[in-house]
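These notes concern the structure reproduced below.
The values are calculated or read from the model by the stated rules, or taken from the named source; none is laboratory data. Here the structure is a predicted model, which is why all the values come from computation and not from measurement. Heads up, the Cβs are rebuilt from the backbone with ideal geometry, glycines too, and the neighbour counts pull from every protein chain shown. These accessible areas exclude ligands, DNA and RNA; they are computed on the full protein's heavy atoms, side chains included. Shrake-Rupley method; radii C 1.70, N 1.55, O 1.52, S 1.80 Å.
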Amino acid sequence: MAEDSQPLAHRGADEEVDVVYGIGDGEPLLLDVYRPPVRATPRPAVVLVHGGGMWTGSRADMADPARQLARAGYVAFAVDYRLVDAATARHRWPAQLDDVQLAVRWVRAGAGRYGVDPERVGAYGWSAGGQLAALLGARDTRDLALANADHSSRVACVIDLAGDVDLRAYTVPPALDEVVALLGGTPDEVPARFSDVSPLSWIDPRTVPFLVIHGLEDDVVPIAQSRGLVAALRAAGIEVEYTELPGAGHGDLTWSRVGSATLAFLGRHLGPGD
């Protein structure tokens, strides 16, 4: 059977790893590309953003959903971004936002190489990656002096899996210590940074559609974070789909739990992958 005639669920995905999409503080910024079979018509794309509080984690954490998306006909880009170093205060916010916004612009700038439709790029993120994905759907490029600034960094839709949207809620260690390391102080000391990092600060009529999923048993990111985001999106008149998963903890939002809803949502907002 020819590759293009096989059901998408049974297709493989071509993988290109360790692709440099930019430079941050003299260090290469890397992503991995997962592609379905090449075809003449450009495909929609998804940028996947890992979690880890912006101080740990890697693009490898997004390998499974990226492969699943590629098998469904989407070109998937799992991205790394600079992680804050609590000991040295290196890579504090907004380095992480600059990097993921750069990744989206890089995808659009290289759309022809990867067979991507630059108008159909979505974002998928878990935990802190959900927070960053939300910002990709709610604000434009922060610094127009950065690379590929002639391409937009705002995605067409967002899948946010248990993302943090209000870091002011973390008031005791160790979560407070991680937030202070990222932002350089407490809400009283650096209020503008706490506002800047929050997707809630950026929701307006231009914000794109969201799919938000949170586990009811999450003991890492309080479910109030997603409920607050959904309420803010609805108040602004933004399309949002929201699901609370019974029995699911923070680490349980795997593709087997969220894949069906993700593909249905992407199909509506990016078009089907095939």
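Using the structure shown, decide if GLY251 is farther than 19 Å from GLY137 by Cα, open to solvent by less than 50 Å² (accessible area, probe 1.4 Å) and not acidic (Asp, Glu).
Taking the combined requirement at face value, the residue does not satisfy it.
Output the residue which, of all residues in segment 201-227 that are assigned to a helix (DSSP H, G or I) and out of contact with any Leu (no Cβ under 7 Å at 6 or more places or on another chain), is surrounded by the most Cβ atoms within 10 Å (Cβ to Cβ).
Applying the first criterion (assigned to a helix (DSSP H, G or I)) to segment 201-227 yields 201, 223-227.
Applying the additional criterion that residues be out of contact with any Leu (no Cβ under 7 Å at 6 or more places or on another chain) yields 201, 224-227.
Values: SER201: 17, ALA224: 12, GLN225: 24, SER226: 26, ARG227: 15.
Top of the filtered list is SER226.
List pairs: first in segment 44-58 and free of Cβ contacts under 8 Å to residues at least 24 places away in the same chain, second open to solvent by 10 Å² or more (accessible area, probe 1.4 Å), Cβ under 7 Å, 6+ apart or cross-chain?
Sorted first by the residue in segment 44-58, then by its partner, the pairs are SER58/ASP80.
Filter segment 153-186 down to residues that are buried (at least 18 other Cβ atoms within 10 Å of the Cβ) and without any contact (Cβ under 8 Å) to a residue 60 or more places away in the chain and give me whichever is farthest from ALA261 (Cα to Cα).
VAL180
Just for segment 187-197: of the residues that are open to solvent by less than 30 Å² (accessible area, probe 1.4 Å) and free of Cβ contacts under 8 Å to residues at least 40 places away in the same chain, which one is nearest to the chain's Cα centre (by Cα)?
At the first step, the residues of segment 187-197 found to be open to solvent by less than 30 Å² (accessible area, probe 1.4 Å) are 190, 194, 197.
Adding the requirement that they be free of Cβ contacts under 8 Å to residues at least 40 places away in the same chain leaves 190, 194.
Details: VAL190: 25, PHE194: 19 Å.
Of everything passing the filter in segment 187-197, PHE194 is nearest to the chain's Cα centre (by Cα).
Looking at ASP140, ASP160, which one is acidic (Asp, Glu) and under 25 Å from ASP61 (Cα atoms)?
ASP160
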